[in-house]
1. Evaluate the stretch A:149-168: report whether one residue or more is farther than 17 Å from A:L253 by Cα and among the acidic types (D, E).
2. I'd like to know if the stretch B:210-233 contains one or more residues that are facing chain A (nearest Cβ under 10 Å), of a type in the set (K, R) and open to solvent by 10 Å² or more (accessible area, probe 1.4 Å).
3. Go through A:P269, A:P245, A:P290 for me and flag whichever is more than 16 Å from A:A216 (Cα to Cα), modelled with pLDDT under 70 and assigned by TED's automatic domain parsing to the domain that holds A:G163.
4. Output yes when any residue across the stretch B:194-207 is more than 9 Å from chain A (Cβ to nearest Cβ), assigned to a loop (DSSP other than H, G, I, E, B) and without any contact (Cβ under 8 Å) to a residue 60 or more places away in the chain, and no when none is.
5. Would you check which residues across the stretch B:195-233 are more than 19 Å from B:Q129 (Cα to Cα) and among the hydrophobic types (A, V, I, L, M, F, W, C) and list them?
6. Check the stretch B:23-34 and report whether any residue there is within 14 Å of another protein chain (Cβ to nearest Cβ), within 16 Å of DNA strand C (Cβ to nearest atom) and assigned to a helix (DSSP H, G or I).
7. Out of the residues in the stretch A:22-48 that are within 12 Å of DNA strand D (Cβ to nearest atom) and aliphatic (A, V, I, L, M), which is farthest from the chain's Cα centre (by Cα)?
There are 2 protein chains.
Amino acid sequence: MSQGANVAGATLLETISSRMVSLRQSERKVAKLVLEDPVEAMRYNMAGLAEAAGVSEPTVMRFCSAIGFSGFRAFKLELAHTIALGMPMALTAIDEDDSLRVMTEKVFSRTISSLDRAYRHLNGEVLEQAIEMVASASELVFVGAGASAIVAQDAQQKFPLFGIPCQAPADYHQQFISASMSGPSTVFVAISNTAKTRTVLRVAALAKSKGAKVLAIVGDRGPITEVADLSIEVNTFEDTDLYTPTVSRLAGLVVIDVLATGVSFRRGPVAAERIREMKEELAQMRSVEPGDPGGEPG
Amino acid sequence: MSQGANVAGATLLETISSRMVSLRQSERKVAKLVLEDPVEAMRYNMAGLAEAAGVSEPTVMRFCSAIGFSGFRAFKLELAHTIALGMPMALTAIDEDDSLRVMTEKVFSRTISSLDRAYRHLNGEVLEQAIEMVASASELVFVGAGASAIVAQDAQQKFPLFGIPCQAPADYHQQFISASMSGPSTVFVAISNTAKTRTVLRVAALAKSKGAKVLAIVGDRGPITEVADLSIEVNTFEDTDLYTPTVSRLAGLVVIDVLATGVSFRRGPVAAERIREMKEELAQMRSVEPGDPGGEPG
DNA sequence: CGACGAATGTAGCCAAACTACAGACCTGGG
DNA sequence: CCCAGGTCTGTAGTTTGGCTACATTCGTCG
């Protein structure tokens, strides 16, 4: 998505922060200004930015080079990119005084930024191995608690498509049973943003002890990643704030999408054909029609 | 998010397409080039773009004016914005020959673009009314099928936070019962991307006949919106393709986030305090600790 | 067939990004 | 304490590139 001079998986502003120390005194003034209000910085041209920071134009130029860009133009382009991904509102706390419009923008911005961040930080090799692992499973179990339970549920809807038996037990009790019944050909997917949800940790450990392969989908390293054979780290913005909705589950869902798509590639054209048929039938089933399965139940 | 010369809720490329007819012959050459490969167009400067399109520089300039921009600079900025939101890959079909990296980028891009689109097309007034409706409910019922069921489940996790009794019956049978038990103070939220899922339509109609207010969350107008008192339209990209994951559910989740946040504003600081307490306790409960609720079940 | 108006390109202007250079500052050694 | 080295920062000039006034061509209509 980004083609700038960034280090892998870092946003422009993060790059600036990290290189702050290696900047000269006056260059830092520029850096500070940009970090404080990227949107405002965006409006300036070189001369304007120089004046606002209280330095000369070549200093701004040097700043751009120091960050890793060929010039001011390139820098501004990348800044625009970063801003477009929702930066302005994404890191501002959601406030009770916000108008509905502003609040909506913040929620969406934050979500979009988080997805972008998650994408940047995804480890391609781990993903590759995860797809391999899931594709070779003869049974799949998804487990999560709270918001992560939603992700598990979603996964459970997707993977049967590829002919892999698949469950997402809802409560701890059932999860426990599934875990204890799993074996070497089971892939047990433990989903937890904190990577330390106790119940999830327990069942993952149990499944592992029964010989199952454990795949963790987490927001960060933690006890669960210790137990897991493989961990997909999904980096999102922390929900530090009171009103901030949980954004991790969304990133989790998208990762599930990627996994599912990857697995479906592995299954080849035959599976693809079956999926197509199924989709068509589903569409027909769903729509309103004279014929009447699912009338009044009872 | 966008501050360009766009018509409300339209992406730059959509704007160009729509104004194509009113453009002069040579300006259209420029427009075509930009639409065909926005990313490539982005790399050019004015002279380059002019040459690539086989026209003169002032023509490019006139093109920018015709689209509604003050000049080439402003145009390029908005183009950068559009591209940043995932355009390049967002509308390309996902292909079995794609490398894992490319496929991942496509899935994320598409999701991000879709969320951006959903945001742009959201009707603020409808949202306002929806929040009002939900906030004044004494009981909430969320209903959806398939992918939308996930959204319903998610909603069901959120709204109890505000002290509103809330359910998301999983199967048609239970949904039917909930619908028939609802009354004037019930808000019945029907979620369906197609707006014509039959079972959802049925229960929504039933709830309405019992006096409940029906709020629809849909991807488009359809039978369900006919029944509903209020409909939030969540515009995403159609999943035309075989491998394209369902992106509508994600947009649905974010809309739920917005609704929930809006409602929590209404409830004021007292509720806020209670939510904070709850979050803290939840965090403690979740983490691994010596004390041991939730040991082996049975 | 000529004249008017629209459409497009040519040439020049001006602003803004970039670069070479020189003065100022700090640092360390005598 | 002062001088030499290097580093940092600003001044001034160059060049690129966006923008505009004007000329030319093409099409159309009287």
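1. So the first thing to find is which residues in the stretch A:149-168 are farther than 17 Å from A:L253 by Cα, and the list is A:162-165.
In the following step, the residues that additionally are among the acidic types (D, E) were identified as none.
Looking through the stretch A:149-168, none of the residues is farther than 17 Å from A:L253 by Cα and among the acidic types (D, E).
2. Within the stretch B:210-233, the subset facing chain A (nearest Cβ under 10 Å) is B:222-224.
Keeping just the survivors that are of a type in the set (K, R) gives none.
There is no residue in the stretch B:210-233 that is facing chain A (nearest Cβ under 10 Å), of a type in the set (K, R) and open to solvent by 10 Å² or more (accessible area, probe 1.4 Å).
3. Working: A:P269 fails: modelled with pLDDT under 70; A:P290 fails: assigned by TED's automatic domain parsing to the domain that holds A:G163.
Unique residue meeting the criteria: A:P245.
4. Yes: the stretch B:194-207 contains one or more residues that are more than 9 Å from chain A (Cβ to nearest Cβ), assigned to a loop (DSSP other than H, G, I, E, B) and without any contact (Cβ under 8 Å) to a residue 60 or more places away in the chain.
5. Correct list: B:A195, B:V200, B:L201, B:V203, B:A205, B:L206, B:A207.
6. In the first step, residues of the stretch B:23-34 are kept if they are within 14 Å of another protein chain (Cβ to nearest Cβ); the result is none.
Looking for residues that are within 14 Å of another protein chain (Cβ to nearest Cβ), within 16 Å of DNA strand C (Cβ to nearest atom) and assigned to a helix (DSSP H, G or I), one finds none in the stretch B:23-34, hence no.
7. Residues of the stretch A:22-48 that are within 12 Å of DNA strand D (Cβ to nearest atom), as a first pass: A:22-31, A:45-47.
Filter again for aliphatic (A, V, I, L, M), leaving A:23, A:30-31, A:46-47.
On the way: A:L23: 32, A:V30: 31, A:A31: 28, A:M46: 35, A:A47: 38 Å.
Among residues in the stretch A:22-48 that are within 12 Å of DNA strand D (Cβ to nearest atom) and aliphatic (A, V, I, L, M), the one farthest from the chain's Cα centre (by Cα) is A:A47.
One line per residue, one yes/no per condition, for (1) open to solvent by less than 50 Å² (accessible area, probe 1.4 Å); (2) within 9 Å of chain A (Cβ to nearest Cβ); (3) modelled with pLDDT of 95 or more:
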residue	(1), (2), (3)
B:V107	yes, yes, no
B:S114	yes, no, no
B:V141	yes, no, yes
B:A145	yes, yes, no
B:Q157	no, yes, no
B:G163	no, no, no
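The values are calculated or read from the model by the stated rules, or taken from the named source; none is laboratory data. Because the structure is predicted, anything quoted here is derived from the model rather than measured. Ideal geometry is used to build each Cβ from the backbone, glycine not excepted, and the neighbour counts take in all protein chains shown. For accessibility, only protein heavy atoms count, side chains too; no ligands or nucleic acids. Shrake-Rupley method; radii C 1.70, N 1.55, O 1.52, S 1.80 Å.
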